[in-house]
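One structure below.
The values are calculated or read from the model by the stated rules, or taken from the named source; none is laboratory data. Because the structure is a prediction, the values reported are computed rather than measured. Reconstructed Cβ throughout: ideal geometry from the backbone, glycine too, with neighbour counts over all protein chains shown.
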Amino acid sequence: MPDRIALITGNAGKAAEYAAMLGIQVTPATAELTEIQSLDVAHVAARKAADAYAQLGEPVLIDDTGLTIHAWNGLPGALVVWFLDTVGPQGILDMAQPLTDRRATVTTALGYADATGVQVFQGTVNGSLATEPRGISGFGYDPIFIPDTDDSHRTYAQMTTEEKNKISHRRRAIEAMRTGLELE
C-alpha cells in the first residue's frame, strides 16, 4: 500500500483533490507521455502509467476520461478531448442532432504504476446527451452530459462541484482504486 503517489498533471489543485479522496500524499509531477490513439480510456491510461513510471521510478497515477455516445459505436471515447478542442460541446451536439438514441456514458480510467506493474481502475456513469448546453459549472463535456444518477435530469454543469463529485465517474474510479490498493 503506497503512502505517496505522483500524479501526472500540471494542476496542483487536481493533486490536492486526489490527496483528499485517496487519503494519501499526492504530488503533481510531469512526464513526457506517448499519446496513443484509442477509444478505450483503460488502454490509454495503462500505457501512460507505464510510461510515467518508467520515467519517474516512483508510484505514479494518471487519469484519462472519455465520453462514449452509444449510437456512434464508441466515439469519441478517449478522443473526446480532440472533439472538444476542434468543435466544442456545441459541435458534438450539432453532430448528434439527428440521433434518436442519445444514450452516452462517461468513464474515468485511473492508471497506477509502481515496481509491481500497472493497474487500471475505472468508474463509469451512464446517462444521455442534452439537446443543448446547460449550466456553467465544470468543464469539457459537463454542459452536455446528463447522468442517469441525477433524478432532476441536470447536466454535470448544472450541479455544484460537491453534487457532481458524489456521483461522478471520477469518484467511482477513485473508490475502485482505494479498494484495489487497499487504501481504506
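Report yes if some residue within region 150-163 is in contact with a Gly (Cβ under 6 Å, 6 or more places away or on another chain), assigned to a helix (DSSP H, G or I) and either free of Cβ contacts under 8 Å to residues at least 24 places away in the same chain or surrounded by fewer than 16 Cβ atoms within 10 Å (Cβ to Cβ) (or both); otherwise report no. Yes, region 150-163 has at least one match.
Within region 126-159, the set of residues being more than 18 Å from THR105 (Cα to Cα) and modelled with pLDDT under 90 comprises SER137 only. Please go through (1) surrounded by fewer than 16 Cβ atoms within 10 Å (Cβ to Cβ); (2) among the β-branched types (Val, Ile, Thr); (3) within 14 Å of the chain's Cα centre (by Cα) for THR107 and return the number of the only condition it doesn't satisfy. THR107 satisfies all of (1) surrounded by fewer than 16 Cβ atoms within 10 Å (Cβ to Cβ); (2) among the β-branched types (Val, Ile, Thr); (3) within 14 Å of the chain's Cα centre (by Cα) except (1). Residues in region 69-77: is at least one touching a helix residue (DSSP H, G or I) at 6+ places or on another chain (Cβ under 7 Å) and assigned to a helix (DSSP H, G or I)? Checked region 69-77: no residue is touching a helix residue (DSSP H, G or I) at 6+ places or on another chain (Cβ under 7 Å) and assigned to a helix (DSSP H, G or I). Restricting region 78-95 to residues that are over 15 Å from PRO143 (Cβ atoms) and at pLDDT 95 or above leaves a set whose member that is surrounded by the fewest Cβ atoms within 10 Å (Cβ to Cβ) is THR86. Among the criteria (1) surrounded by 22 or more Cβ atoms within 10 Å (Cβ to Cβ); (2) more than 22 Å from ALA12 (Cα to Cα); (3) of a type outside the set (D, E, K, R), the one GLN122 does not fulfil is (1). Could you check region 11-23 and list, in sequence order, the residues that are under 19 Å from VAL118 (Cα atoms) and either in contact with a strand residue (DSSP E or B) (Cβ under 7 Å, 6 or more places away or on another chain) or surrounded by fewer than 16 Cβ atoms within 10 Å (Cβ to Cβ) (or both)? Scanning region 11-23 gives a single hit, TYR18.
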